[in-house]
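The values are calculated or read from the model by the stated rules, or taken from the named source; none is laboratory data. Everything numeric here is computed off the predicted structure, so don't read it as measured data. Note: ideal-geometry Cβ built from the backbone for every residue, glycine included; neighbour counts use all protein chains shown.
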Amino acid sequence: MPENRCLQGIWSSPWIFIFAAGGSAVGLGNIWKFPYVLGENGGGAFLMVYCLCLLAVGLPVLIAEVSLGRTVRSNPIDTVNDLSERNLLHSRWVLVPWLAGITGFLILTFYSVISGWSMAYLERAVAGKFASLDQGSAQGMFDALLNSPGEMLFWHSLFMFLVILTVGQSVTRGLSTLVRILLPALIIILLFLASYSMLVGNAGEAIDFLFRWSWEDLTFDVVLSAVGHALFSLSVGMGAMFAYGAYMSKRMSIARACAIVVGVDLLVALLAGLVIFPLVFAFQIDVEAGPSLTFVSLPIILGALPAGPFVGAIFFLLLVIAALTSAISMLELFVAWMHEKYYISRLQAATMLGGAVWFIGIAVLMSFADWDSKLMFGLNGFELLDKFTTLIMLPVVAILLSVLVAWALPRDMLQKELITQQVAHFQWWHNVLKYISIPVMVLITVAGWIGV
Ligand code: PHE
């Protein structure tokens, strides 16, 4: 198949795929969510199970999604349509990319609100508001933000505006330049912050908490959270990687590229943990503080740094950009599809979809403020969307996509796509996907639903 067949273009070098997929994977999930999920799930036990989940579930499913994307080089919906027209798949499978796109769309509605918090904190860092914060005032600052819907709406709107602008450009041009600089910069800044945090904070207790393994901490909830977070963090189950796979050069080994993406994703999450936990222990913040961990404990350290406002501004700027490179990948599936199917520009497609996300996002941000009302099952708007997408949609789509690749797609087609020199490697991956990843996802998901 010619390299230039894809309407949206091809990444200019194989490495750009790694940067773009890494940019999608590395986001709020690593820096904001990972530390608090780890805190709520007993530290070391979660980390251990999480690493296992990345290897046994996340990586094989990621490889499956990217390979499927590269088979036809079209948007995910047309890819499945094309395969079914060629009698390679049943036409009902087209439901899967649709569900994947809807999941990404729904996740973006609250992802954008939280990215908006990062922007609000960027502004506070620049304005020097972190100076001499203690735990009480840092908590007060966060609560004030959650109780001002107007401010949250402003940042949410600005973030969605940036998402629309970026995704409206060709992903193979605008985005690729951005991520190439961004990912390495983010890692360097995190390394610097982690070293500082370990110097001024309680490094011993943090390392003990992160890496200490004890069987008593290993509960079913820990496993459930680890599987869910591994999928979320690698951006699988939402069609983002499926869409990006289509722009990948045929010369690149998918398995190698995906392994690098998983490694970078884990590295960034660990670094974020090493920034947060030494402080959490030094300032005696509750490790189970939940979502407020990054927005309460980080400003304290940043306020205490000699170059605090500067470092703070850089950190939150990078967090915003990391969130942006993830957010755009959530809309990519539908934007590419609308662009290819209806011949409208990417910008028009992005504006329509982004506008709808923006609108639903307003309900989400209201659920943090005074309007916090329980809509269903005792959950507010944010909790409903978060739980519905991460506990139901995300695993279901990941399972369906994996079943599609493992059981429905012709084996020789897959093998050609994966260009592994050794048949044994392919066989290994195929078996892990079929007999480990899929059963584990099904088991954990169903058990989670029935509340084992
Ligand atoms: N992986 C991203 C993160 O860790 C979130 C994401 C999910 C991005 C799905 C794209 C698609 O923040």
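Remarks
- Here residue 178 meets the list (1) modelled with pLDDT of 85 or more; (2) under 30 Å from residue 73 (Cα atoms); (3) under 18 Å from the mean Cα position of the chain (by Cα); (4) among the aliphatic types (A, V, I, L, M) almost entirely, failing just condition (1).
- Test: residue in segment 296-311 that is within 16 Å of the ligand (Cβ to nearest atom), at pLDDT 80 or above, part of a helix (DSSP H, G or I) and surrounded by 22 or more Cβ atoms within 10 Å (Cβ to Cβ): no
- Condition met for residue 235 (outside any helix (DSSP H, G or I), within 13 Å of the ligand (Cβ to nearest atom) and among the polar types (S, T, N, Q)): yes
- Selection within segment 22-45 - away from the ligand (no atom under 16 Å from the Cβ), in contact with a Leu (Cβ under 8 Å, 6 or more places away or on another chain) and in a helix (DSSP H, G or I): 39, 44, 45
- Scanning segment 66-83 for residues that are part of a helix (DSSP H, G or I), within 22 Å of residue 231 (Cβ to Cβ) and not β-branched (Val, Ile, Thr) gives 67, 68, 69, 70, 76.
- Scanning segment 17-55 for residues that are of a type in the set (A, V, I, L, M) and closer than 20 Å to residue 253 by Cβ returns 18, 20, 21, 25, 54, 55.
- Enumeration of residues in segment 235-254 that are hydrophobic (A, V, I, L, M, F, W, C) and surrounded by fewer than 21 Cβ atoms within 10 Å (Cβ to Cβ): 252
- Every listed requirement among (1) more than 11 Å from the ligand (Cβ to nearest atom); (2) under 22 Å from residue 173 (Cα atoms); (3) touching a Gly at 6+ places or on another chain (Cβ under 6 Å) is met by residue 250 save one, (3).
- Scanning segment 186-217 for residues that are touching a Gly at 6+ places or on another chain (Cβ under 6 Å), in a helix (DSSP H, G or I) and modelled with pLDDT under 80 yields a count of 1.
- Close contacts from segment 93-115, counting a first residue that is within 19 Å of residue 152 (Cα to Cα) and within 11 Å of the ligand (Cβ to nearest atom) and a second that is modelled with pLDDT under 95 and not in a helix (DSSP H, G or I), with Cβ to Cβ under 7 Å and a gap of 6+ residues or different chains, come to 107/238.
- From the list 382, 388, the lone residue that is out of contact with any Leu (no Cβ under 6 Å at 6 or more places or on another chain), under 30 Å from residue 436 (Cα atoms), surrounded by fewer than 24 Cβ atoms within 10 Å (Cβ to Cβ) and modelled with pLDDT under 90 is 388.
- Out of 273, 228, one residue alone is within 16 Å of the ligand (Cβ to nearest atom), in a helix (DSSP H, G or I) and either under 17 Å from residue 325 (Cβ atoms) or modelled with pLDDT of 90 or more (or both). It is 273.
- The set of residues in segment 257-294 that are surrounded by fewer than 24 Cβ atoms within 10 Å (Cβ to Cβ) and acidic (Asp, Glu) comprises 286, 288.
- Any hit, segment 253-262, residues being touching a helix residue (DSSP H, G or I) at 6+ places or on another chain (Cβ under 6 Å), more than 11 Å from the ligand (Cβ to nearest atom) and closer than 22 Å to residue 40 by Cβ: no
- For residue 183, the criteria (1) under 30 Å from residue 94 (Cβ atoms); (2) modelled with pLDDT under 90; (3) within 15 Å of the ligand (Cβ to nearest atom) hold in every case but one, which is (1).
- Neighbours by Cβ (under 6 Å, 6+ apart or cross-chain): first from segment 133-162, in contact (Cβ under 8 Å) with a residue 12 or more places away in the chain; second assigned to a helix (DSSP H, G or I) and surrounded by fewer than 19 Cβ atoms within 10 Å (Cβ to Cβ): 142/292
- Check on residue 328, in contact (Cβ under 8 Å) with a residue 24 or more places away in the chain, over 14 Å from residue 104 (Cβ atoms), within 16 Å of the ligand (Cβ to nearest atom) and assigned to a helix (DSSP H, G or I): no
- Segment 60-88 residues that are closer than 23 Å to residue 260 by Cβ and buried (at least 23 other Cβ atoms within 10 Å of the Cβ), paired with ones that are hydroxyl-bearing (Ser, Thr, Tyr) and modelled with pLDDT of 90 or more (beta carbon under 6 Å, 6 or more apart): 60/437; 61/402; 61/437; 64/402
- Test result for residue 232, within 19 Å of residue 38 (Cα to Cα) and surrounded by 24 or more Cβ atoms within 10 Å (Cβ to Cβ): yes
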